[in-house]
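Beneath this line is the structure, given in structure tokens, with notes to follow.
The values are calculated or read from the model by the stated rules, or taken from the named source; none is laboratory data. Please read all numbers here as calculations on a predicted model, not as lab measurements. In this analysis, Cβ positions are derived from the backbone assuming ideal geometry, glycine residues included, and neighbour counts consider all displayed protein chains.
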């Protein structure tokens with residue numbers, strides 16, 4: 001089919017979407033193929049999250065050989081921010097700015113599109129990064145590596161599931177480019193592709209993975225109700241917020 005993207009396009013588009021890594025040129029795709037590839041790329045977000053988590057864990061482990069854990073985790077998160085362009089951190093700040101108050105509808109969407117950061121965004125982002133860093137530091141080194149990778153994978157999976165539950169709010173932004181709503185068959189593919197990234201932590205701390213899964217389900221339930229009432233759907237910032245909160249759920253459960 002002329003509008004169908006070739007099989008190699010979806011994973012490459014997922015890498016391009018979530019990271020700043022150079023990927024082979026995708027210019028030969030037609031507009032229809034690029035749109036189809038972006039929609040199919042949603043299933044590949046969890047394994048790309050696994051790769052991001054592996055990079056973060058590798059920096060944390062290597063830096064831990066020379067510096068205390070508190071320094072190592074900040075270096076790891078700094079490298080990750082460079083790798084991803086602080087993609088989800090920006091989403092957390094935008095989400096908190098938009099919904100920290102009582103904004104609804106187009107007003108909330110406009111706040112999320114605003115590149116400036118307000119007091120809600122600064123506080124929400126600061127607390128989220130601090131919680132993530134301290135949870136990692138609280139873990140034994142070997143367990144921390146498994147938890148970082150599982151958290152990065154689970155976070156992206158949570159974003160895919162939220163995009164499956166809710167339609168896109170508005171006609172602009174990353175979520176709109178990825179498609180109006182992710183089909184459940186594609187979400188099932190994302191869950192299957194997430195298993196290798198979650199398995200090591202599930203073996204080491206099965207209870208933590210179970211608690212984190214339950215917390216993620218509650219998060220998705222709350223977000224779906226909250227966002228449907230406030231803006232009638234989801235946006236890229238909402239998906240990024242869900243991803244970061246799911247990461248925190250895994251790390252906090254592992255550190256408990």
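Sort through 59, 48 and tell me the only one that's free of Cβ contacts under 8 Å to residues at least 60 places away in the same chain and either within 21 Å of residue 159 (Cβ to Cβ) or assigned to a helix (DSSP H, G or I) (or both).
Going through 59, 48 in turn, just one is free of Cβ contacts under 8 Å to residues at least 60 places away in the same chain and either within 21 Å of residue 159 (Cβ to Cβ) or assigned to a helix (DSSP H, G or I) (or both): 59.
Exactly one of these conditions fails for residue 168: (1) at pLDDT 95 or above; (2) crowded, with 22+ Cβ neighbours inside 10 Å. Give me its number.
Only one criterion in (1) at pLDDT 95 or above; (2) crowded, with 22+ Cβ neighbours inside 10 Å is unmet by residue 168, namely (1).
Can you name every one of the helices (runs of 4 or more DSSP H) wholly within segment 82-164 that holds 3 or more residues which are in contact with a helix residue (DSSP H, G or I) (Cβ under 6 Å, 6 or more places away or on another chain), at pLDDT 95 or above and surrounded by 19 or more Cβ atoms within 10 Å (Cβ to Cβ)?
On the way: elements: 87-99, 105-113, 119-137.
In segment 82-164, the matching helices (runs of 4 or more DSSP H) lie at 87-99, 119-137.
Assess whether residue 70 counts as being surrounded by fewer than 22 Cβ atoms within 10 Å (Cβ to Cβ), part of a helix (DSSP H, G or I) and touching a residue at least 12 places away in the same chain (Cβ under 8 Å). Steps first, answer last, please.
Values: surrounded by fewer than 22 Cβ atoms within 10 Å (Cβ to Cβ): yes; part of a helix (DSSP H, G or I): yes; touching a residue at least 12 places away in the same chain (Cβ under 8 Å): yes.
Yes; evaluated as a whole, the condition is true for this residue.
Are there any pairs with C-beta distances below 8 angstrom linking a residue in segment 23-35 that is at pLDDT below 70 to a residue that is assigned to a helix (DSSP H, G or I) and exposed (fewer than 11 other Cβ atoms within 10 Å of the Cβ), with the two at least 6 apart or on different chains, and if so which?
none
Would segment 212-222 turn up any residue that is free of Cβ contacts under 8 Å to residues at least 12 places away in the same chain, closer than 16 Å to residue 96 by Cβ and surrounded by fewer than 21 Cβ atoms within 10 Å (Cβ to Cβ)?
yes
Quick one: in segment 80-102, of everything that is over 24 Å from residue 14 (Cα atoms) and in contact (Cβ under 8 Å) with a residue 24 or more places away in the chain, which residue is nearest to the chain's Cα centre (by Cα)?
Applying the first criterion (over 24 Å from residue 14 (Cα atoms)) to segment 80-102 yields 96-102.
Then keep just the ones that are in contact (Cβ under 8 Å) with a residue 24 or more places away in the chain; that gives 96-100.
Working: 96: 16, 97: 18, 98: 18, 99: 19, 100: 20 Å.
Filtering segment 80-102 for residues that are over 24 Å from residue 14 (Cα atoms) and in contact (Cβ under 8 Å) with a residue 24 or more places away in the chain, the one nearest to the chain's Cα centre (by Cα) comes out as 96.
Just to verify a result, which residue in segment 1-18, among those that are assigned to a loop (DSSP other than H, G, I, E, B) and surrounded by fewer than 20 Cβ atoms within 10 Å (Cβ to Cβ), is modelled with the highest pLDDT?
So in segment 1-18, the residues assigned to a loop (DSSP other than H, G, I, E, B) come out as 1-8.
Adding the requirement that they be surrounded by fewer than 20 Cβ atoms within 10 Å (Cβ to Cβ) leaves 1-4, 6-8.
Working: 1: 47, 2: 55, 3: 65, 4: 73, 6: 70, 7: 71, 8: 76.
Filtering first and then ranking leaves 8.
Can you pull out every residue in segment 224-249 that is farther than 15 Å from residue 156 by Cβ, surrounded by fewer than 24 Cβ atoms within 10 Å (Cβ to Cβ) and in contact with a helix residue (DSSP H, G or I) (Cβ under 8 Å, 6 or more places away or on another chain)?
Matches in segment 224-249: 224, 226, 227, 230, 231, 232, 233.
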